[in-house]
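Below is one structure, written out as structure tokens; comments come after it.
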Amino acid sequence: MTAPAILGLSGPTLTESERAFFSDVAPLGFILFARNCETPAQVKALCDDLRALTGRRDTPILIDQEGGRVARLQAPHWRHPPPAKPFGDLWSGDPDAACRAATLNGQLIGAELLASGLNVDCAPVLDVPVPGSHDIIGDRAFHSDPAAIAALGRSFADGLIAAGVLPVVKHIPGHGRARADSHAELPVVEASAKDLEQDFAPFHALRDFPLAMTAHVLYSALDPSHPATTSKSIIDEVIRGKIGFEGLLMSDDISSNMKALVGDYATRTRDSISAGCDVVLHCDGDLSAMEEVGAALPPLSDQAAIRWARASFLIVEPQAVDIKAAQAELAALLD
């Protein structure tokens, strides 16, 4: 029976202990980081191994390949994509060219991911930055205008889908106002519910997309006690309600990398699932920690299974793309 988790692993190949654990827990999917990625052939072999383990060809294998600071596949084997901000800069002068560039970038990233066996990219970032916010988002955001973010985010995501890769919109309902890094502490946003509607806007515009990742951010006007990831009221009333997102909702990382959350790993797991996350994400590859997560996992809910099935239907045969021509066109647009 499939468990509602996406789990990391320690290195470029599966250890025997990981193999036994994953076989026992049967997570929905996996997420890779730079520590897991050496060459395209090695990553493809690892992804093939993981899918053989689950017995599911559509097993989601995720990676954070936004571009800029957040790119787990690195040179010399992979192109280093630009961050989101240059696309927003181009938007300010030529929105059509910016959307074309974002689509090309999504296609190019998607083509590299698919060739390496990866079928989900944890991008685009739809957060709306505001003056004084922490640089943890920074140039990962497309723009400060929600309409521009929505248009560029959709263009980028459409490029990924055309390449046979699913996008994950993040960090719902919005991380752009945070004045702290959720890796280090819990960010508290004290904006009014009315002001927060600006943050929701890009997510509402892309509410039809298949996958989204929560924000480990506490919004005092929405829930003074819990960050979005573990807030049933925020997930029910804002993410599923106001925003209208109906796809598969995954938590942001619940591992030791994230100091924004409290409690042991079992508590973090139960709190996230109870609040309404369909799946928990545990990234650091620490087997003992994942064993705590695994012990606290219920079976994947019927609704979550339906949501993943709907998402996986979007994994289609990739459109043919002339890589060199696309790279040249993208470079010219961003020049």
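Each value in this text was obtained by applying a stated rule to the coordinates, not by laboratory testing. Keep in mind it's a predicted model, so treat the numbers as computed, not measured. Note that each Cβ is placed from the backbone with ideal geometry, even for glycine, and that neighbours are counted across all protein chains shown.
Summary of values
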| item | result |
| --- | --- |
| Number of the exception - P4 against (1) within 18 Å of the chain's Cα centre (by Cα); (2) farther than 18 Å from A111 by Cβ; (3) free of Cβ contacts under 8 Å to residues at least 40 places away in the same chain | (3) |
| Scope the range 298-330; condition of a type in the set (S, T, N, Q), surrounded by fewer than 16 Cβ atoms within 10 Å (Cβ to Cβ) and either more than 19 Å from L28 (Cα to Cα) or in contact with a strand residue (DSSP E or B) (Cβ under 9 Å, 6 or more places away or on another chain) (or both); matching residues | S301, Q319, Q327 |
| Condition met for A111 (part of a helix (DSSP H, G or I) and closer than 29 Å to A260 by Cα) | no |
| Single unsatisfied condition, A180 versus (1) touching a residue at least 24 places away in the same chain (Cβ under 8 Å); (2) part of a helix (DSSP H, G or I); (3) surrounded by fewer than 24 Cβ atoms within 10 Å (Cβ to Cβ) | (2) |
| Within the range 70-108, tally of residues that are more than 22 Å from the chain's Cα centre (by Cα) and assigned to a loop (DSSP other than H, G, I, E, B) | 5 |
| Positions within the range 125-150 being within 17 Å of the chain's Cα centre (by Cα), not in a helix (DSSP H, G or I) and not charged (D, E, K, R), in sequence order | V125, L126, V128, I136, I137, A141, F142 |
| Filtered residues of the range 274-297 (kept if without any contact (Cβ under 8 Å) to a residue 40 or more places away in the chain and either of a type in the set (A, V, I, L, M) or crowded, with 20+ Cβ neighbours inside 10 Å (or both)) | A289, A295, A296 |
| Selection from the range 241-273 of residues that are under 22 Å from I61 (Cα atoms), surrounded by fewer than 23 Cβ atoms within 10 Å (Cβ to Cβ), in contact with a Leu (Cβ under 8 Å, 6 or more places away or on another chain) and not hydrophobic (A, V, I, L, M, F, W, C) | G247 |
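Conditions tested, residue by residue: (1) of a type outside the set (S, T, N, Q); (2) more than 16 Å from S312 (Cα to Cα).
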{"site": "G153", "(1), (2)": "yes, yes"}
{"site": "V165", "(1), (2)": "yes, no"}
{"site": "V169", "(1), (2)": "yes, no"}
{"site": "A178", "(1), (2)": "yes, yes"}
{"site": "A184", "(1), (2)": "yes, yes"}
{"site": "S192", "(1), (2)": "no, yes"}
{"site": "D195", "(1), (2)": "yes, yes"}
{"site": "H204", "(1), (2)": "yes, yes"}
{"site": "P210", "(1), (2)": "yes, no"}
